[in-house]
Amino acid sequence: MRIVILVLSLFIGLQTFAQKDCEYTTEVNDSIGTYRETKSYLMHEKVFGGNATYLFFSLANENGTPFLQVQKIEKSTDFIPTSCFDRQSKIYIQLLNGKIITLIYQDQETCANLIQLQNDPISSRIITGNFLFLKGTIDDLKSSPIWEIRIRYATGTADFAIKKELVSELMNETFAPETYFMKYLHCVTD
């Protein structure tokens, strides 16, 4: 009996240790409803030559519905083709346990905005979209690390290999994108 209690205590302790404290950038609770959003987390960074691509995730919950907010930023001295989200857009997340999780785009069609500062040779394109979790997928995301992410745009697809540890040149911080959902999904589902 003591062994069962010890193993159970160890398991609960590891689960608590794995989850991180929640840091919200927005937290509203008023007569209209509730909304909370975690701070952005760097999931992918690729800097090569004069080009850079960054993929950020944040988790949100609006009136009891959790969703993933995705932001992709591309910078280049060359022309950057636009990418758009539409009703057919999806995010596919392949987990290390082999399962593939699908998230569906929930907003109206939108395309990346071009930002070009005067006298600056570097231009940027930024696209942001909200994606809903399908029923039954949250527990899978909480229990297995991420291996790869595929984003299906209206204009094509993009694959992002997810690292266990990402040392960001942009932010001078270390991130663990592989375990993002395991550590932070509880912030919008509990």
By residue number, the members of region 61-103 that are in contact (Cβ under 8 Å) with a residue 24 or more places away in the chain, basic (Lys, Arg) and out of contact with any Asp or Glu (no Cβ under 7 Å at 6 or more places or on another chain) are 72, 75, 90
Can you report the number of residues in region 89-108 which are at pLDDT 95 or above and closer than 14 Å to residue 154 by Cβ? 5
Note on region 87-112: residues polar (S, T, N, Q) and assigned to a loop (DSSP other than H, G, I, E, B) are 88, 89, 97, 106, 108
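Quick one: how many residues across region 94-145 are aliphatic (A, V, I, L, M) and either more than 30 Å from residue 49 (Cα to Cα) or touching a Leu at 6+ places or on another chain (Cβ under 6 Å) (or both)?
Residues flagged as aliphatic (A, V, I, L, M) and either more than 30 Å from residue 49 (Cα to Cα) or touching a Leu at 6+ places or on another chain (Cβ under 6 Å) (or both) within region 94-145 amount to 10.
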With the condition kept exactly as written, say whether any residue in region 134-151 is free of Cβ contacts under 8 Å to residues at least 40 places away in the same chain, β-branched (Val, Ile, Thr) and surrounded by fewer than 16 Cβ atoms within 10 Å (Cβ to Cβ). no
Restricting region 159-180 to residues that are under 18 Å from residue 72 (Cβ atoms), of a type outside the set (Ser, Thr, Tyr) and surrounded by 15 or more Cβ atoms within 10 Å (Cβ to Cβ), the one nearest to the chain's Cα centre (by Cα) turns out to be 177
Taking residue 75, is it over 18 Å from residue 110 (Cβ atoms), among the basic types (Lys, Arg) and either over 17 Å from the mean Cα position of the chain (by Cα) or loosely packed, with under 13 Cβ neighbours inside 10 Å (or both)? yes
Of residues in region 113-133 being modelled with pLDDT of 95 or more and either in a loop (DSSP other than H, G, I, E, B) or among the β-branched types (Val, Ile, Thr) (or both), the one nearest to residue 155 (Cα to Cα): 127
Of the residues in region 42-60, those that are surrounded by fewer than 19 Cβ atoms within 10 Å (Cβ to Cβ), in a strand (DSSP E or B) and either in contact with a Cys (Cβ under 6 Å, 6 or more places away or on another chain) or in contact (Cβ under 8 Å) with a residue 12 or more places away in the chain (or both) come to 42, 47, 51, 52, 53, 56
Assess whether residue 113 counts as being on the phi > 0 side of the Ramachandran plot, over 13 Å from the mean Cα position of the chain (by Cα), surrounded by fewer than 13 Cβ atoms within 10 Å (Cβ to Cβ) and not small (Gly, Ala, Ser). no
Members of region 21-41 that are touching a helix residue (DSSP H, G or I) at 6+ places or on another chain (Cβ under 9 Å) and outside any loop (DSSP other than H, G, I, E, B): 24, 36, 37, 38, 41
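For region 145-190, name all the residues that are part of a strand (DSSP E or B), closer than 24 Å to residue 86 by Cβ and of a type in the set (A, V, I, L, M).
149, 151, 158
The values are calculated or read from the model by the stated rules, or taken from the named source; none is laboratory data. Every value quoted in this text rests on a predicted model; they were computed, and no experiment measured them. When we count neighbours, we look across all protein chains shown, and the Cβ atoms used for this are built from the backbone with ideal geometry, even at glycine.
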